[in-house]
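Written below as structure tokens is the structure these notes are about.
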Amino acid sequence: MHAPHSFRSDPQVPPFDDAGPLAVMDADCAVCSWGARMIHRLDGSGTVRICPVQSPLGAALMRHYGLRPDDPESWLFIDQGVAHKDFEAVLHACRRFRGWGRLAFVLHACPRPLRDWLYRRLARNRYAICGRADMCALPDPAFRRRLIG
């Protein structure tokens, strides 16, 4: 895919602190907003940051990895400079979490083609199934400190 930290040499990607993991998610999607709240709740280390795809940084990272920021059917999880996308991003993120978050890793037993198919179906229909939400409007100050972009 891309070399680790390849975004550092992309002039279109604004510089940012990439020392910790970063989840790039659709801030208008109710499913993604729920996912962002789960990251906040389950990340005991407090190191995972969240970047709305609608921000300049989020859009630039999506484009860097060949994804469409204007119709974000994917989300990225960048850890140690390596980008994971779609359901693989979910699984990679869950490895970092404590408690119930680790249980999501059980889905790794599901064959990858099926996981990818399910992910694509949900992603393409996310607004129709779950509606819209504004991740950035969440009032929790600790959550808001995780936002970058």
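The values are calculated or read from the model by the stated rules, or taken from the named source; none is laboratory data. All figures in this text were calculated on a predicted structure; none of them were measured in a lab. Methodologically, a virtual Cβ is constructed for each residue, glycine included, from the backbone with ideal geometry; neighbour enumeration extends over all protein chains shown. Remember, those area values only see protein heavy atoms, side chains included, never the ligands or the DNA or RNA. Shrake-Rupley method; radii C 1.70, N 1.55, O 1.52, S 1.80 Å.
Going through (1) within 26 Å of R121 (Cα to Cα); (2) in contact with a Pro (Cβ under 9 Å, 6 or more places away or on another chain) one by one, V31 falls short only on (2).
Of the residues S55, S9, S33, which is touching a residue at least 24 places away in the same chain (Cβ under 8 Å), among the polar types (S, T, N, Q) and over 17 Å from V90 (Cα atoms)? Show your work before the answer.
Working: S9 fails: touching a residue at least 24 places away in the same chain (Cβ under 8 Å); S33 fails: over 17 Å from V90 (Cα atoms).
On inspection, the qualifying residue turns out to be S55.
Are any of the residues in segment 104-114 open to solvent by 40 Å² or more (accessible area, probe 1.4 Å) and part of a loop (DSSP other than H, G, I, E, B)?
Applying the first criterion (open to solvent by 40 Å² or more (accessible area, probe 1.4 Å)) to segment 104-114 yields 105-109, 111-114.
Applying the additional criterion that residues be part of a loop (DSSP other than H, G, I, E, B) yields 111.
Yes; the residues of segment 104-114 include at least one that is open to solvent by 40 Å² or more (accessible area, probe 1.4 Å) and part of a loop (DSSP other than H, G, I, E, B).
Of the helices (runs of 4 or more DSSP H) lying entirely inside segment 1-96, those carrying at least 1 residues that are at positive phi and open to solvent by 30 Å² or more (accessible area, probe 1.4 Å) are 86-96.
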